[in-house]
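Rule-based calculations on the coordinates, nothing more; no lab input. Given the structure is predicted, the values throughout are model-derived calculations rather than measurements. Cβ sites come from the backbone with ideal geometry, for glycine too, and all protein chains shown count toward neighbours.
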Amino acid sequence: MKQRTKLVLAAGIAVAAVAWYFFRPDRAFIDARVSEAAPNVQSTVLLAGEFRPRTHDGRGLAQVLELPDGQRVLRFSSFETLNGPDLQVYLLAAPDVRDRAGLETAGFVTLGALKGNVGDQNYVIPPGTDLSRYRAVSVWCRRFGVNFTTAELARGGQKSS
């Protein structure tokens, strides 16, 4: 009887450890703060939008900036959302996407892993990306296939410093 209890306990601990690894519930309570400076050269705001909640609350400003050398950067300012596992930053070819099927249908460009769930941050947009195709930016949880928060992008056209 004691052997069976030990075996059940060991199996329970193993299942809990695997569940913890995949779900990472601790991240919902721990903020990853980022404070990257804006590009320190004069840039043009090509597109801009405010983050809106989807699966989770999200707020802040997303701007696509064009630097004098032609490089384009996605800038998050005063950004905040819930932390989570495997969060990615995507440019979406639709104003909103709610699930994996919609993501694949609409199309997207990945800009990499979210640097932090709170704060100002920059993401380089790959050269040759046709911005006329992309209508929003999303913080996407790749592990669970859900859109945490989205900023629909509209034409900017103003100078930033």
Given all pairs of distinct Cα atoms, the range 101-161 yields a Kirkwood Rh in Å of 13.6
The relative contact order of the range 46-120, taking Cα pairs under 8 Å that sit 6 or more residues apart, comes to a percentage of 27
Expected unfolding gain across Gln3-Arg33 under the 0.36 nm per residue rule, minus the alpha-carbon gap, is 6.1 nm
Unit-weight point scatterers at every alpha-carbon of the range 38-123, Debye formula, q = 0.19, 0.20, 0.27 1/Å: log10 I(q)/I(0) is -0.94, -1.03, -1.55
Rounded to the nearest 0.05, FRET efficiency between Val45 and Ala113 (Cβ-Cβ, R0 22 Å) equals 0.35
Under the Karplus relation with 6.51, -1.76 and 1.60 and θ = phi - 60°, whole-Hz ³J(HN,Hα) for the range 112-121, x at Gly and Pro, equal x, 5, 4, 6, x, 8, 9, x, 8, 7
